[in-house]
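Working notes, structure below.
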Amino acid sequence: MLRIYIIGAGTPTPARTRFGTCYIVETGEDLLMFDCGPASTYKMAQMDISPTKITDLFFSHQHFDHNADYPCFLLSRWDQAAGRGRSLRVYGPPPTALFSERLFGREGAFSHDWVARSEHPGSIEIYKKRGGKPPRRPPSIEIHEIEGGFCAEGETWRVSAQRVKHIEPWMSTLAYRTETDDGTLVISSDTGFCRDIIRFSKGADCLLMHCWDLQQEMGKAESSMITGTTDAAKIAAQAGVGRLLLSHCNPTLDQPENRLMAEKEIGKYFKSQFEFVNECSVIDLK
């Protein structure tokens, strides 16, 4: 089985229908998280997904709409696991290691939280009720700071990364390709039109492409850092993917008249199945 949970399908703009970016890919016994944008942990709870079930977290880059819920997610995972969960493996481009240390290290922003929960008698009682055995250890993270290439693999999956064109030189951004026996999924993250994402997506069963707005509404600089409708469709067509999912959409694309225009634009270039995804939805890819 290859399944994707759309946790966050939005942008930095808080909207009623979407906000921030987060996806969870289910393959075999593993749940892989890609980005952890605002309110991801809460939206996971709405979909009955426990943070303790996540084995690996892959960051595309460190914009807040892709990472703002990282502290909530990781501390919830640590707290609820009560010492029984293994370390969370975290992958991402720089500054993923520095960002994590500043949040969760001994002198990090949230050290006061996990130190209190590790030492206060009341917190220890709750910890033991959940099945934990003192002493309580700090949150454990395995950080893998990457720039591209092979990332990780499990019994049923293999993930690799590719640098794409977004906000360089201020930050590196990665797209991810998950390969399984049941199919291949590429998550583009934020990227402008570039040959790298076309090459990286070649022959994938499904491409989850970020699509900011109607192409004609975007300026030149804007289009250089993230695709609009036309560029997203051209990338999918040139990569020869089997299916296109569109996410990270400006809230204006939820307006019926704009959605209809977007679908017409995309259909001019991409002739296979495509759809705009909604938050808190589940898509079986195979």
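For the range 1-138, a simple Cβ point-charge model (Lys and Arg +1, Asp and Glu -1, everything else neutral) yields a dipole of about 420 debye relative to the Cα centre.
Note on the chain: with charges restricted to the Cβ of Lys and Arg (+1) and Asp and Glu (-1), its dipole about the Cα centre is near 420 debye.
Counted over the range 1-71, the DSSP beta bridges are approximately 75% antiparallel. The residues of the chain have, on average, 44 Å² of accessible surface per residue, using a 1.4 Å probe with all protein chains present.
For the range 90-167, the square roots a ≥ b ≥ c of the C-alpha gyration tensor eigenvalues yield an a/c of 1.5 or more together with a/b not exceeding b/c, which makes the shape oblate. Quick one: which of K202/K271; K53/K165; K53/K234; K43/K264; K220/K264; K165/K268 span more than 26 angstrom between C-alpha atoms? Those over the limit are K53/K165; K53/K234; K43/K264. Residues considered: K220, K271, K165. Largest GNM mean-square fluctuation over the chain, using C-alpha springs under 10 Å, is found at K220. Which of rounded, prolate or oblate describes the range 241-286 when judged by the alpha-carbon gyration tensor and an a/c cut-off of 1.5? Verdict is oblate for the range 241-286. Annotation note: GluC sites (Glu not before Pro) in the range 1-107 located in DSSP loop regions with a Cβ neighbour count of at most 16 within 10 Å are E29, E107. Centroid-to-centroid, using Cα positions, the range 81-140 and the range 145-209 are 30 Å apart. The apolar share of the surface of the range 132-215, taken as the fraction of accessible area on carbon and sulfur atoms (1.4 Å probe, ligands and nucleic acids excluded), comes to 48 percent. According to the square roots a ≥ b ≥ c of the eigenvalues of the Cα gyration tensor, what is the shape class of the range 33-109, taking rounded for a/c under 1.5, prolate for a/b larger than b/c otherwise, and oblate for the remainder? Verdict is oblate for the range 33-109. The phi-based Karplus calculation (6.51 cos²θ - 1.76 cosθ + 1.60; θ = phi - 60°) puts the 3J(HN,Hα) values of the range 49-56 at 10, 7, x, 5, 7, 7, 9, 9 Hz, whole numbers, x for Gly and Pro.
The values are calculated or read from the model by the stated rules, or taken from the named source; none is laboratory data. All values reported here derive from a predicted model rather than from experimental measurement. Backbone-built Cβ (ideal geometry, glycine too); neighbour counts: all protein chains shown. Quick note on the areas: whole protein, heavy atoms, side chains included, nothing else; ligands and nucleic acids left out. Shrake-Rupley method; radii C 1.70, N 1.55, O 1.52, S 1.80 Å.
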